[in-house]
Structures are given as structure tokens and as C-alpha cells.
Amino acid sequence: MRVAHTIADYAKLRELAEGRIAFVPTMGALHDGHRSLIRLARSRGDLVVVSIFVNPLQFGPDEDYAVYPRPLDVDLERCAAEGVDIVFVPTVTELYPAGRQVTVSAGALGRAWEGASRPAHFDGVLTVVLKLLNIVGPDVAVFGQKDIQQLVCIQRMVVDLNLPVEILAAPIVRDADGLALSSRNVYLSPAERSLALSLSTALEKAATQTSVPAARAAAYETLERAEDDPAFALDYAALVHPTTFAMLPDDYTGPAVFALAARVGRTRLIDNASMTFR
Ligand code: AMP
């Protein structure tokens, strides 16, 4: 496994390599969710490239950019254990040198739901993803369904900007109790962690329903109970169309996404589930 810290070093390593490149962009603090993305990449590429970069552009001023976990040595060991070929670990100044001005706009999709709570978040995500795709030059890039609105924004960017890359979606990886794996779970106390299970429980209950109103009611019942605890504050619970993220009418049939965000203690968590109403 080779580690490139600069764009020039990466370009040299890539020149030596042959075959299809499968790329997994991450912010590090790698867990089994990231591992499943790397394995999917391995199955689809000759050369697997992982990037580790905590992107300042996608964090709001009051968010956790400064304290976001950065266990680089452990991350590199994990990448090596998964047979990753190249890890790209740029510095902030390498990706954002002084004088840069141009960014990507995620449009209306980037301002809904998660984007309403985190203004400029998806613009920051798309800007770094476009830069990384241009630098790494992959044939396929893998993203997790855990960040479903991010995935849809990226798919939209690939279509709207005619990017020559195939986007693969990897299923959400959960702990045995249902909690979606996240690098932010390390912030949770044991009590907060059990409160956080309300998210996956609400989604599980919604997914067994056969109509939009029943799914909403099932999820809200669990979420309202969680809100009895002052440590739990629901941000949004959105039953939406899987590509537009528009709210669904009560008589909707077809594929849907139930997306949730909540603050548990000081930690903001998101989760979602895909479902179909017939
Ligand atoms: P992050 O390092 O949090 O930016 O995540 C990097 C990639 O891993 C993104 O495409 C995420 O959607 C994906 N990811 C994070 N957590 C999970 C999970 N529990 N299951 C599946 N994919 C995940």
C-alpha cells in the first residue's frame, strides 16, 4: 500500500498503475461501514484508492470540524488490512490553496432537509468530491446510503455535470443493536447511545407499514417518546421521494426514503431507510 500526501505524488503512483480505479472518499476514523465500501470497491476495481480528508468546507461554524476524530495511523492500518492500493491523504492547503474561488452548488436538493439544517454543507461536499474525482480519476466511486441525501446530490452532480464516473451505492452498516455506524458515535455516552437507538427503531417500525400516513405515525410514535428525554432533540423526520427528496402525499405508491436527523446530547446523528409503498 502506498500513501500519497500531495496531488503530484498521487499522480506519479497512478501513472505506474494499470486497470480500473475504484475510489472510496472518506473523512477517516474508519469503521466497518467504510470497510464495506472498500470491499465493494475491491470487487469492482483493479486499483482501490481511499482518500482521507476532513473537509473544512462541509462543516458549519458551530460544528465539530476541530474535534472530528483523526486517528490516521489506525486508519492506515485498516486500509492496509483491506488491501487498499493507494491512500490519498492531502492537507487542507493542498486541496484549498490560497486564492481559490470556484465552488459547486448543490441547488435546491442541497438546501432541503439536511441542507436546511446545515447551510452550505452539500455545496462543500460536492466541491470536495468533484476535486477528488478530478485528482483521483476513478472509473467507479463508492458512497454509503448512510448519507442518503449526500449520495443523491452526488448522483445529481454526476448527471448534471457529465462526469465520467460510475457511482456505486453501498448499504448502511449497523451495529448489532441497529445503530448506524458513524465516526461520530464515539462522542456518545452509554446513555446517549441507547437513546440514539430511537432513530433506527423508528425507521424499522416505519418500514413495516403499508402506507405513507401509517409509516409516519409509526416513526413519530417512537421519536416522540424519545423526545421525552431532554437529551434527544429531533431535527427532522422526512418521508420523501428517493431522488427529489420532495415530501410524499398520503396516497403515494412507489419507492420512498425515510430520513431522520436528531441531536443526542451534543452529537448530531442521521439515519434513513428505503421503503416501498404499493
Ligand atoms: P465519512 O467518512 O463519514 O465522510 O463517510 C465516508 C463514506 O462512508 C460516505 O460515503 C458514507 O456514506 C459512508 N458511510 C459512513 N458510515 C456508513 C455506514 N454505517 N454504512 C455505510 N456507509 C457508511
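The values are calculated or read from the model by the stated rules, or taken from the named source; none is laboratory data. The model shown is predicted, which means the values in this text are computed figures rather than measured ones. Quick reminder, even Gly has a Cβ in these numbers, built from the backbone with ideal geometry, and neighbours come from all protein chains shown. Accessible surface areas use protein heavy atoms only, side chains included; no ligands, DNA or RNA. Shrake-Rupley method; radii C 1.70, N 1.55, O 1.52, S 1.80 Å.
Tell me, what is the percent relative contact order of the chain, built from C-alpha pairs under 8 Å that lie six or more residues apart?
Details: 502 pairs, mean separation 46.6, N = 278.
The value is 17 percent.
How would you rank 103-112, 46-55, highest first, on the average number of other Cβ atoms within 10 Å across their residues?
Sorting 103-112, 46-55 by mean packing, highest first, produces 46-55, 103-112.
Could you please report the charge total around residue 36, scoring K, R as +1 and D, E as -1 over all other residues with beta-carbon less than 15 angstrom from its beta-carbon? The partial results should precede the final answer.
On the way: positive: 35, 39, 42, 44, 78, 146, 174; negative: 32, 82, 147, 175.
That sum, taken over residues with Cβ under 15 Å, equals +3.
What is the percent carbon and sulfur in the accessible area of region 167-278, measuring with a 1.4 Å probe over the protein chains and ignoring ligands?
Numbers: 2840 of 5230 Å².
The computed percentage sits at 54.
Keeping all protein chains in position, work out how much accessible area residue 147 exposes to a 1.4 Å probe, and write it in Å² to the nearest 10.
60 Å²
What FRET efficiency comes out for residue 233 versus residue 12 if R0 is 51 angstrom and r is the Cβ-Cβ distance? Round to the nearest 0.05.
Details: r = 48 Å, r/R0 = 0.95.
For R0 = 51 Å, the calculated efficiency reads 0.60.
Please list 182, 200 from largest to smallest accessible area, probe radius 1.4 Å, with all protein chains kept in place.
On the way: 182 25, 200 5 Å².
Result, largest first: 182, 200.
Taking just the alpha carbons, could you work out the radius of gyration and Dmax for region 231-278, both in angstroms?
Calculated on Cα positions, Rg and Dmax stand at 12.4, 39 Å.
Hey, can you find the accessible area per residue of region 1-142 for me, probe 1.4 Å, expressed in square angstrom?
Numbers: 6720 Å² over 142 residues.
That works out to 47 Å² for each residue.
Among 101, 119, 217, pick out the residue whose Cα is farthest towards the positive end of the charge dipole of region 94-229, where Lys and Arg carry +1 and Asp and Glu carry -1 on C-beta, about the Cα centre.
Towards the positive end, the residue furthest out is 101.
Give the carbon-plus-sulfur fraction of the accessible surface of region 15-104 in %, rounded to a whole number; probe 1.4 Å, heavy atoms of protein chains only.
53 percent
What percentages make up the Cα-Cα pair-distance distribution of region 122-278 when the bins are 10 Å wide from 0?
The percentages, shortest bin first, are 10, 36, 32, 18, 3.
Average the reciprocal distances over every distinct pair of alpha-carbons in region 175-263, invert the result, and give the Kirkwood radius in Å. Write out the running numbers ahead of the final one.
Numbers: mean 1/r = 0.0728 Å⁻¹.
Result for region 175-263 stands at 13.7 Å.
If each residue of separation counts as 0.36 nm, what is the full-extension length gain between residue 241 and residue 5 once their alpha-carbon separation is subtracted? Please report the intermediate quantities before stating the final value.
Numbers: separation 236, 0.36 × 236 = 84.96 nm, distance 3.95 nm.
That pair, residue 241 and residue 5, stretches by 81.0 nm at full extension.
Taking the square root of 5 times each eigenvalue of the Cα gyration tensor, what semi-axes in Å does the equivalent ellipsoid of region 97-153 have, largest first?
Values: eigenvalues 79, 59, 12 Å².
Square roots of five times the eigenvalues give 20, 17, 8 Å.
How many percent of Cα pairs in region 1-60 exceed 14 Å?
Numbers: 1090 of 1770 pairs.
Cα-Cα pairs of region 1-60 separated by over 14 Å account for 62 percent.
So what is the orientation-averaged projected area of region 136-210, using the convex hull of its C-alpha atoms, in nm²?
Values: hull surface 28.3 nm².
For region 136-210, averaging the hull's shadow over all directions gives 7.1 nm².
Assuming a ≥ b ≥ c are the square roots of the Cα gyration tensor eigenvalues, decide whether region 78-172 counts as rounded (a/c under 1.5), prolate (otherwise, with a/b larger than b/c) or oblate.
Details: a/c = 1.59, a/b = 1.19, b/c = 1.34.
Oblate, because a/c is 1.5 or more while a/b does not exceed b/c.
For the pair residue 20 and residue 217, how long in nm is the line joining their label points, each one 7 Å along Cα→Cβ?
4.7 nm
For residue 189, what accessible area in Å² do you get when you roll a 1.4 Å probe over the heavy atoms of the protein chains, rounding to the nearest 10?
Only protein atoms counted, so the area is about 50 Å².
For region 1-76 and region 194-244, what is the separation of their C-alpha centers, rounded to whole Å?
So the two Cα centres are separated by 32 Å.
Starting from the Cα of residue 225, step 7 Å along the direction of its Cβ; do the same at residue 92; then give the gap between the two resulting points in nm.
4.3 nm
Kirkwood Rh and Cα-based Rg: tell me the resulting Rg over Rh for the chain, rounded to two decimals. List each step's numbers first, then the result.
Values: Rg = 19.0 Å, Rh = 19.6 Å.
Reported Rg/Rh (Cα atoms, Kirkwood Rh): 0.97.
How far apart, in nm, are two points set 7 Å out from the Cα along the Cα-to-Cβ line at residue 66 and at residue 189?
Modelled inter-label distance: 2.2 nm.
So, taking all protein chains as they sit and a 1.4 Å probe, how much accessible area belongs to residue 146, in Å² rounded to tens?
Surface open to solvent at residue 146 totals about 40 Å².
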